[in-house]
1. Summarise the accessible area of the chain (1.4 Å probe, protein heavy atoms) by the percent that is carbon and sulfur.
2. State the label only: which of (1) 1.33; (2) 2.37; (3) 1.05 corresponds to Cα Rg over 2.2 N^0.38 Å computed from the shown model?
3. Hey, got a sec? Which trypsin sites (Lys or Arg not before Pro) in the range 123-158 land in a DSSP loop and have at most 12 other Cβ atoms within 10 Å?
4. Leu51's amide H: which non-local residues (gap 5+, or another chain) put their own amide H closer than 5 Å, with H modeled 1.01 Å from N in plane and none for Pro or chain starts?
5. Could you give each residue of the range 121-136 its phi-based ³J(HN,Hα) in whole Hz, using Karplus coefficients 6.51, -1.76, 1.60 with θ = phi - 60°, and x for Gly or Pro?
6. Once label points are set 7 Å from the Cα along Cα→Cβ at both Glu8 and Ala217, what is their separation, rounded to one decimal in nm?
7. DSSP loop (so not H, G, I, E, B), at most 12 other Cβ within 10 Å: list which trypsin sites (Lys or Arg not before Pro) in the range 1-78 pass both filters.
8. When DSSP assigns beta bridges and you keep just the ones with both residues in the chain, what percent turn out antiparallel, to the nearest 5?
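The values are calculated or read from the model by the stated rules, or taken from the named source; none is laboratory data. Keep in mind the model is a prediction, meaning the values are calculated, not measured. Positions of Cβ are generated from backbone atoms using ideal geometry, with glycine treated the same way; all protein chains shown enter the neighbour counts. The protein model used for the area step is the full one, side chains on, heavy atoms only, and it has no ligands, DNA or RNA in it. Shrake-Rupley method; radii C 1.70, N 1.55, O 1.52, S 1.80 Å.
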Amino acid sequence: VVDVDQRERLGPRLAVLLGDRTAGDFPGEDLFAAWTDFFELLAVGRDAVVLVVEDAENADRCLLAFLDHLVTTATAPLFVLVLARPELLAAHGDLGGDAARTVTLERLSDGDMAEMMSRLVANLPEQARDHLVTRAGGVPLFAVETVRALVDRDLVGAHDGAYSVHSGVQLDLSGVDAPTSLRSLIAARLDTLAVSERRFVSDAAVFGRAFTAADIAVLSPADDAADQRAVLDALVGKEILQLEG
């Protein structure tokens, strides 16, 4: 920001955006206008400015309101990419209004997962690859993190610029647990659940990978069936649970 007056106006307001609570107390409209001005200044002399917001399902209402303001009022070439789990649209389906476009990433097919694994690890045995594809359930992150875990265990390493199973190693994935980093990621997601949702998941874990509504009703009787169904629907919507049949 070259202009001194602009810099003095935008500085403290950008500090608020970055979480500095001592920067000042400004009306929301003033903050949104200043933040938008800053991004428009970034666009001067450029083809476009790209703003990426990750894990937006955890964003507070203020940030989401600003994104709405930004995409509907900015006149500069701005592209806002919001990455989020489905619960964001469930709660804020009108985010971005007419300026927004939604792209949903579906789970990969078994064939695509197998191809990805073969490219990640050049000489991955077919049996190990198929086992990993089954366990991953179409989620690329599971496969990538498992490969990282195998690298950490010195079962897989880089050879000639690509990963491959070390010579002489018999790779058996049946005894390999989910990667620590993936378990941490799942644990972090569970921590964001409401108390009733966490209790439901904890009770359901007793049954292992699958259970029925009648099963969970025995262990975790709700005040009424509607309450329990609402919790179940919320967990399915957040992809903590998957409904079959």
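1. On the way: 8370 of 15920 Å².
With neighbouring chains kept in place, the figure for the chain is 53 percent.
2. The value matching this structure is (1).
3. Numbers: sites: Arg129, Arg135, Arg148, Arg153; in loops: Arg153.
When the trypsin sites (Lys or Arg not before Pro) of the range 123-158 are filtered for loop state and at most 12 Cβ neighbours within 10 Å, Arg153 remain.
4. Phe79, Val80, Leu81
5. Once rounded to whole Hz, the list reads 10, 4, 10, 5, x, 4, 5, 5, 4, 5, 5, 5, 4, 5, 5, 5.
6. 7.0 nm
7. On the way: sites: Arg7, Arg9, Arg13, Arg21, Arg46, Arg61; in loops: Arg21, Arg46.
The qualifying sites are Arg21, Arg46.
8. Values: 4 of 10 bridges.
Counting only bridges with both partners in the chain, antiparallel ones make up about 40 percent.
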